[in-house]
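The values are calculated or read from the model by the stated rules, or taken from the named source; none is laboratory data. In this text the structure is predicted, and so the values were computed from the model without any measurement. Neighbour counts are summed over all protein chains in view; Cβ atoms, including those assigned to glycine, are modelled from backbone coordinates with ideal geometry. Side chains included, ligands, DNA and RNA excluded: accessible areas come from the protein's heavy atoms. Shrake-Rupley method; radii C 1.70, N 1.55, O 1.52, S 1.80 Å.
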Amino acid sequence: MISRIKLSAIALLLPGMLYAQSTKNLSLAEAIQLGVENSKNLKRSQNKIDESIAKLHMAKDNALPTAEASFLYNHAEIPTNQLSIGGANPIHLPNRADAFVGTLGVKELIYGGGKLRYAEESTRLLTEVARLDADKDKEEISYAVINTYYSLFKVLQSKKVVAQNLESIASQLKQAERFFSQGIVTKNDVLRFQLQQANVSLTEMEIENNRKILNYNLDILLGMNEDTEVVPADPSDNLKTVGTLTSYMDIAFANRQEMKQFDIRNKVADVNIKSVKANTLPTVGVGADLYYINPSGKFIPPSNQFIVPMTISANVSWNIGTLWTNKHKITDARIQQKDVEFQKDIFSDQVKTEINRNYQNYQLAINKIKVLETSIAQATENDKLLASKYKNNVASAIDRIDAETLLYQAKINLELAKADAGLAYYTLLKSTGKISQ
């Protein structure tokens, strides 16, 4: 009997234990950290950085000496091995001949107009661009987590208010049914409360559906199991007081990854111009070659039957034609650099308008909260007044329902406005390129 009681108790507790295991309380900071740590996009960004670093090493390798070695074995069959030229004695050749020839050469470019140095510098700058791309992706991931986190919080707050609304409607419905049985109100009044209850229940179903969608999306963003129910903390506490619009402009122009990338790309374009100009300069190289010639036919020849000559060379070359064929390439490179400057100017204007819009939106969100707090106080007072009038059969059921609907709508609007204000603040920070501020 005792064991059965224990099993029954475990059976009752098991669903709650399983639910607890699939529920996770998560602060906004923890959510951002998980999103960054588990982002597949950021892992791909790191792979791009590694690729750029590998290209940088390859560019450095181009400055190293080149070396080439070869070894050749040659066998010849000579069917006609007697050669007579004019009236001279004939020359007798062997029926067959074997020879071993080996070469080893080392070459080094001493001066190539600086093209190798420019290639290395350009690749190094592009590596910095890849790192800034990764920083930008991190900002985007963080904001995606923040956006989804706030959306889930808004839905849960709405669900909480709707649950309170349903509880109040159920109480009002019981009261209406009691009044109907006493002949104080009509059946129509009872039906109105039942209709209101059905409408709010439909709203609750829609909210729950949105919660499941947002919760799943957040689980994917954070790299958690898809069945984990996230319980967000209130991210709207202690709403920030913003500084001046100019201060956010200054932060953006100092921190936006895109602005830094434009500066780097301008440097890349400058290096490219120098590299194109280097086409008109001569190149200087040196080399050394070692030969092994063994006509004896034996892999290890007897003494004095092979030679090992060594040569040292220097080479200067100059493609003179580039003096008149290269000028248009230089012009094209300068046009490309100018285009980078135009792109930066255009983007600067976009940043200004983006920050101004986000700054004004945050100010509006803060002002909405103040107005809604006042409206809740008014709606609460109106609800109390209509509740009293309805009990005294002075107000109609419609008036009572309208007053209650206005109160709970104001409560929902306030919760949404607080979350919207928090998200608006992070949207403003994102436009400055410093979302972690």
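Between amide H atoms placed 1.01 Å from N, distances below 5 Å from Leu93 occur with Gln82, Leu83, all of them 5 or more places distant or on a separate chain.
Its alpha carbons give the range 111-173 an Rg and a Dmax of 27.5, 94 Å. Residues in the chain average 61 Å² of solvent-accessible surface per residue, probe 1.4 Å, ligands and nucleic acids excluded. Taking R0 as 60 Å, what FRET efficiency do you get between Glu204 and Asn319 from their Cβ-Cβ distance, rounded to the nearest 0.05? For Glu204 and Asn319, the calculated efficiency is 0.15.
Say R0 is 45 Å: what FRET efficiency, to the nearest 0.05, do His75 and Asp263 get from their beta-carbon distance?
That gives a FRET efficiency of 0.10.
Residues of the range 289-331 falling in the label zone of Ile91, defined by backbone nitrogen less than 18 Å from a point 7 Å along Cα to beta-carbon, are 295-296. For the pair Asn255 and Lys389, the difference between a 0.36 nm per residue extended length and the Cα-Cα distance amounts to 42.2 nm. The figure for Met259 is an accessible area of roughly 10 square angstrom, using a 1.4 Å probe on the protein chains alone. Here the extension length gained between Lys344 and Thr103 equals 81.3 nm, from 0.36 nm per residue of separation less the Cα-Cα distance.
Per the Cα gyration tensor, the range 21-144 maps to an equivalent ellipsoid with semi-axes of 69, 21, 9 Å, ordered largest to smallest. Excluding residues on the same chain fewer than 8 positions from Lys60, give the lysines whose Cα lies under 22 Å from its Cα. Leaving aside lysines fewer than 8 places away in the same chain, those within reach of Lys60 are Lys48, Lys107, Lys115, Lys267, Lys274, Lys277.
Ordering Tyr73, Tyr292, Tyr359 by accessible surface, largest first, gives Tyr73, Tyr292, Tyr359; the 1.4 Å probe counts only protein heavy atoms, with every chain in place. The simple spin-label model puts a point 7 Å past each Cα toward its Cβ; for Gln197 and Ile184 those points are separated by 1.8 nm.
Would you list, by chain and number, the lysines whose Cα falls below 20 Å from the Cα of Lys24, excluding same-chain residues fewer than 8 positions away? Reachable lysines: Lys154, Lys159, Lys160, Lys212. Near Val231, the amide H atoms lying under 5 Å from its own belong to Lys24, Asn25, Leu26; only residues 5 or more places off or on other chains count, and H is placed 1.01 Å from N. Each residue was assigned an accessible area with a 1.4 Å probe, and for Val394 the value is about 110 Å². Compute the long axis of helix 245-255 from its Cα atoms, compare it with the longest principal axis of the Cα atoms of the chain, and write down the angle in degrees, 0 to 90, nearest 10. Helix 245-255 sits at roughly 30 degrees to that axis.
Roughly speaking, what is the centre-to-centre gap between the range 38-62 and the range 175-237 when only Cα atoms are used, to the nearest Å? That distance is 49 Å. Rounded to the nearest 10 square angstrom, Arg96 shows an accessible area of 140 square angstrom against a 1.4 Å probe. Toward the positive end of the charge dipole of the chain, with +1 on the Cβ of Lys and Arg and -1 on the Cβ of Asp and Glu, the farthest Cα among Thr427, Val286, Ile273 is that of Thr427. For the chain, the longest principal axis of the C-alpha atoms and the axis of helix 28-38 are separated by about 30°. Start at zero, step by 10 Å, and the Cα-Cα distances of the range 256-310 spread as 17, 19, 13, 12, 13, 14, 9, 1 percent across the bins. The smallest convex shape that holds all Cα atoms of the range 207-266, its convex hull, gives 164 Å³ per residue. The base-10 log of I(q)/I(0) for the range 303-419, evaluated at q = 0.09, 0.22 Å⁻¹, reads -0.62, -1.14 [Debye formula, identical scatterers on Cα atoms, solvent excluded].
Where does the charge balance sit around Thr127 when Lys and Arg score +1, Asp and Glu -1, over other residues with C-beta under 14 Å from its C-beta? Let's see the in-between values first.
Details: positive: Lys48, Lys55, Lys60, Arg124, Arg131, Lys260, Arg265, Lys267; negative: Asp50, Glu51, Glu120, Glu121, Glu128, Asp133, Asp135.
In short, +1.
Calculated mean residue ellipticity at 222 nm for the chain: -24000 deg cm²/dmol, from DSSP H runs with n ≥ 4 weighted as -39500 (n - 2.57), summed, divided by the residue count and rounded to 500.
Loop-only trypsin sites (Lys or Arg not before Pro) in the range 257-304, please: DSSP not H, G, I, E or B, and at most 15 other Cβ atoms within 10 Å.
Answer in residue order: Lys298.
For the range 331-393, with all protein chains in place and a probe radius of 1.4 Å, 51% of the accessible heavy-atom surface sits on carbon or sulfur.
Can you bin the range 85-149 into rounded, prolate or oblate? Criterion: square roots of the alpha carbon gyration tensor eigenvalues sorted a ≥ b ≥ c, rounded for a/c under 1.5, prolate for a/b above b/c, oblate for the rest.
It comes out prolate by the Cα gyration axes.
Take the Cα of Leu245, go 7 Å toward its beta carbon, and the backbone nitrogen atoms of the range 397-437 under 19 Å from that spot belong to 424-433.
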